[in-house]
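K.L.:
Quick one: this structure, given as structure tokens, is what I'll be asking you about.
The values are calculated or read from the model by the stated rules, or taken from the named source; none is laboratory data. In this text the structure is predicted, and so the values were computed from the model without any measurement. Cβ coordinates were reconstructed from backbone atoms using ideal geometry, including for glycine residues, and neighbour counts include every protein chain displayed. Surface accessibility is based on the protein's heavy atoms, side chains included, excluding ligands, DNA and RNA. Shrake-Rupley method; radii C 1.70, N 1.55, O 1.52, S 1.80 Å.
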2 protein chains.
Amino acid sequence: MSRRIRITLSYDGTNFHGWQVQPGLSTIQGILEDIISEMDGKPVHVAGSGRTDAGVHAEAQVAAFSIDNPIPPDNLRRAVNRLLPPDIRILDAVETDPKFHPRFDSIAKTYRYVLFRGETCPPFQWRYVHYHPYPLNEAKMVEGAKVFEGSHDFTKFSAKDDRSIERSKVRTIYSSGIERSGDLLIYTVRGGGFLKHMVRNLVGTLIEMGRGNLSSKRIPYKSGNTVPAKGLTMVSVEYPRVTLNP
Amino acid sequence: MSRRIRITLSYDGTNFHGWQVQPGLSTIQGILEDIISEMDGKPVHVAGSGRTDAGVHAEAQVAAFSIDNPIPPDNLRRAVNRLLPPDIRILDAVETDPKFHPRFDSIAKTYRYVLFRGETCPPFQWRYVHYHPYPLNEAKMVEGAKVFEGSHDFTKFSAKDDRSIERSKVRTIYSSGIERSGDLLIYTVRGGGFLKHMVRNLVGTLIEMGRGNLSSKRIPYKSGNTVPAKGLTMVSVEYPRVTLNP
């Protein structure tokens, strides 16, 4: 009898070619599928809440898969962690609804993008920040971050090779804000969903606002450059609270 | 006219074969010497305050070298940082006494060793900690850390291949203490000097005290195992305050 397992996992994306399986390349999904398929004695598909790009990190990505093995979820978590490389860790595993899908059931995701604004980036931080010591009007960026809140067509802020070309590019941003913490300028965005490269393009756009090249008063007519993946971290994925039958 | 430059540098030791030049291997000293020799147009020797082992990190290692180039030290720092890999950064560069030697002039060094005591080590921390979730009597370790303070013969706690076989193995430890911070058990030791592998052997010994295999009341008759390099960080090096001639 098949069981649906939901996992929360964290990874340092530096040494992986992103989430999605690609033949011959080391990916998060590929490594998980190899280990779990081996444990279950048959091919197991691991679905993620979203495909993080090569180099993007996750504090709490959510994924799910179906297995026949009757192992208790927490024992499964520990067994898989022993086989995973240290830059991927399963933080939590629970048995869930057989129909649960981490992508289609999610109601919100939060991402963080970090710019390093100091002159010398510590050797312990460079993997997780985008080094940008150049002059920026950060007050304009704080103002500009707010204009993305609400429901908008984000076509201009999606990747040119986004394959979902026929579907709506309207997305809803619940909150979008920037704050300084020491040498770090931290952009945090929470929304119902994101297009490919959207967060990195929003940050590139905020940088152009900070340079004075784009207005921070409204959603600009064009996107700035896509900033490097390594500054981006998936922070959390939210799901509806489960309502028990009365 | 030759000038002596003193630098303070930080590095993530994960991807290096330690401080000391070794033919064909990537080392901190080797990379620095390559860059600075190129800039000065002649071979430049970079002396360090101590040879960190492969995998050991530094928050503030101190090194020095002599160059003919008249470049202001802070410009030199920035130029070298542009050529260094991101896991090595020069934090500070100043012109100093022509006779300054970072090793022989140092009066104290501080090291930190971090044990990860939780069950799941975050993917962003594993490079800097030794994963040790197994039962330990940490109160015994706190007690045991204190017994190393003072001047003692640390022969039993030095590497078997320590080449300085004829010199004294007496070293003075000014402070030696352990504290818990969340999932981390942090050992900090400050002393006049350290033998090869000494800090890692002290930590291995503290672990044996925590296991109840060695007494924590006095310096034990033998050392525990040498713990892995990646948990060790050189925190700082101290020098006498310069007294100006009256």
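K.L.:
Can you check what the net charge comes to around residue B:173, using other residues whose Cβ is under 11 Å from the Cβ of residue B:173 (Lys, Arg +1; Asp, Glu -1)?
P.N.:
+3
K.L.:
Relative contact order for chain B: what is it in percent, counting Cα pairs under 8 Å that are at least 6 residues apart?
P.N.:
Taking the mean separation of contacting Cα pairs over the length of chain B, I get 24 percent.
K.L.:
Among residues other than residue B:230 whose Cβ falls under 14 Å from its Cβ, what is the net charge (Lys/Arg +1, Asp/Glu -1)?
P.N.:
-1
K.L.:
While we're here: Rounded to two decimals, what is Rg over Rh for chain A when you use alpha-carbon atoms and the Kirkwood radius?
P.N.:
1.00
K.L.:
Same structure, new question: Given the options A:124, A:159, A:96, identify the residue whose Cα lies farthest towards the positive end of the charge dipole of region A:59-164 (+1 on Cβ of Lys, Arg; -1 on Cβ of Asp, Glu).
P.N.:
The Cα lying farthest towards the positive end belongs to A:124.
K.L.:
Take every Cα pair under 8 Å in region A:108-236 that's 6+ residues apart, average their separations, divide by the length, and report that relative contact order as a whole percent.
P.N.:
Dividing the mean separation by the residue count of region A:108-236 yields 38 percent.
K.L.:
Using just the helices of chain B, give the 222 nm mean residue ellipticity in deg cm²/dmol: DSSP H runs with n ≥ 4 each add -39,500 (n - 2.57), and the total is spread over all residues, rounded to 500.
P.N.:
Calculated from helices alone, the mean residue ellipticity at 222 nm is -6000 deg cm²/dmol.
K.L.:
Continuing with this model, one more query. Between A:200, A:82, A:190, which gets the highest mean-square fluctuation from a Gaussian network model of chain A, Cα cutoff 10 Å?
P.N.:
Of A:200, A:82, A:190, the Gaussian network model singles out A:82 as fluctuating most.
K.L.:
Enumerate the amide H contacts of residue B:131 below 5 Å, restricted to partners 5 or more residues apart or on another chain; note that Pro and chain-start residues carry no placed amide H.
P.N.:
Correct list: B:116.
K.L.:
Within the set of other residues whose C-beta is less than 14 Å from the C-beta of residue A:102, count the net charge using Lys and Arg as +1 and Asp and Glu as -1.
P.N.:
+2
K.L.:
Distances from residue A:22 to the same position in the other copies: list them in nm, one decimal, shortest first, using label points 7 Å from Cα along Cα→Cβ.
P.N.:
For residue A:22, the inter-copy label distances come out at 3.3 nm.
K.L.:
Enumerate the aspartates and glutamates that residue B:140 could reach by cross-link, defined here as Cα to Cα under 19 Å, with residues fewer than 8 away along the same chain left out.
P.N.:
Answer for residue B:140, where 19 Å is the Cα cut-off: B:149, B:179, B:183, B:208, listed by chain and number.
K.L.:
Can I ask one more? On C-alpha positions alone, give me the angle between the axis of helix B:28-40 and the longest principal axis of chain B, in degrees, nearest 10.
P.N.:
Once rounded, one gets 10 degrees.
K.L.:
To continue, here is another question. For region A:3-105, what is the charge dipole size about the Cα centre, in debye to the nearest 20, if Lys and Arg each add +1 at the Cβ and Asp and Glu each add -1 at the Cβ?
P.N.:
In debye, rounded to 20, region A:3-105 gives about 160.
K.L.:
Can you give me the long-range amide H partners of residue B:170? Hydrogens built in the peptide plane at 1.01 Å from N, cutoff under 5 Å, separation of 5 or more residues or another chain.
P.N.:
Distant-sequence amide H within range of residue B:170: B:154.
K.L.:
Same structure, new question: Using only Cα positions of region A:108-236, each an equal point scatterer, no hydration layer, compute I(q)/I(0) via Debye at q = 0.14, 0.18, 0.19 Å⁻¹ and quote the log10 values to two decimals.
P.N.:
Reported log10 I(q)/I(0), two decimals: -0.57, -0.94, -1.04.
K.L.:
I would also like to ask the following. Using a 7 Å offset from Cα along the direction of the beta-carbon, what are the separations from residue A:211 to the same position in each other copy, nm, ascending?
P.N.:
Computed spacing set for this position: 5.8 nm.
K.L.:
Still on this structure: How many Å² of accessible area per residue for region A:175-246, probe 1.4 Å?
P.N.:
50
K.L.:
Apply the Karplus curve 6.51 cos²θ - 1.76 cosθ + 1.60, θ = phi - 60°, to the phi angles in region B:142-147 and return the couplings in whole Hz, x for Gly and Pro.
P.N.:
4, 5, x, 4, 5, 5
K.L.:
Ranked by accessible surface with a 1.4 Å probe, highest first, in what order do A:19, A:126 come?
P.N.:
These residues rank, largest area first, as A:126, A:19.
K.L.:
Please give the charge dipole size of the protein assembly as shown, origin at the Cα centre, charges +1 on K and R Cβ atoms and -1 on D and E Cβ atoms. Round to the nearest 20 debye.
P.N.:
360
K.L.:
Return the sequence-ordered ³J(HN,Hα) values of region B:115-124 in whole Hz as given by the Karplus equation 6.51 cos²θ - 1.76 cosθ + 1.60 applied to θ = phi - 60°, using x for Gly and Pro.
P.N.:
Once θ is set to phi - 60°, the couplings for region B:115-124 become 9, 8, 9, x, 7, 10, 7, x, x, 8 Hz.
K.L.:
For region B:3-105, what is the accessible area per residue in Å² when the probe is 1.4 Å?
P.N.:
Solvent-accessible surface per residue comes out at 43 Å².
K.L.:
Greater than 25 Å separation of Cα atoms is the criterion. Which listed pairs, A:196/B:230; B:99/B:230; B:99/B:146; A:99/A:156; B:42/B:196; A:156/A:217, meet it?
P.N.:
Listed pairs above 25 Å: A:196/B:230; B:99/B:230; B:99/B:146; A:99/A:156; B:42/B:196.
K.L.:
Still on this model: Treat every Asp and Glu Cβ in chain B as -1 and every Lys and Arg Cβ as +1, leave all other atoms uncharged, and give the resulting dipole magnitude about the Cα centre to the nearest 20 debye.
P.N.:
680
K.L.:
Please report, for residue B:101, the nm distances (one decimal) from its label point, 7 Å out from Cα along the beta-carbon direction, to the equivalent points in the remaining copies, shortest first.
P.N.:
Copy-to-copy label distances for residue B:101: 7.1 nm.
K.L.:
Go through region B:169-186 residue by residue and turn each phi into a ³J(HN,Hα) via Karplus (6.51, -1.76, 1.60, θ = phi - 60°); whole Hz please, and just put x for glycine and proline.
P.N.:
Result, ordered by residue: 9, 7, 9, 10, 9, 7, 8, 8, x, 10, 9, 8, 9, x, 7, 9, 10, 10 Hz.
K.L.:
Taking amide H atoms as placed 1.01 Å from N in the peptide plane, list the residues 5 or more away in sequence, or in a different chain, whose amide H sits under 5 Å from that of residue B:92.
P.N.:
B:8
K.L.:
What shape does the protein assembly as shown take by its C-alpha gyration tensor, where a ≥ b ≥ c are the square roots of the eigenvalues and a/c under 1.5 counts as rounded, a/b above b/c as prolate, and the rest as oblate?
P.N.:
oblate
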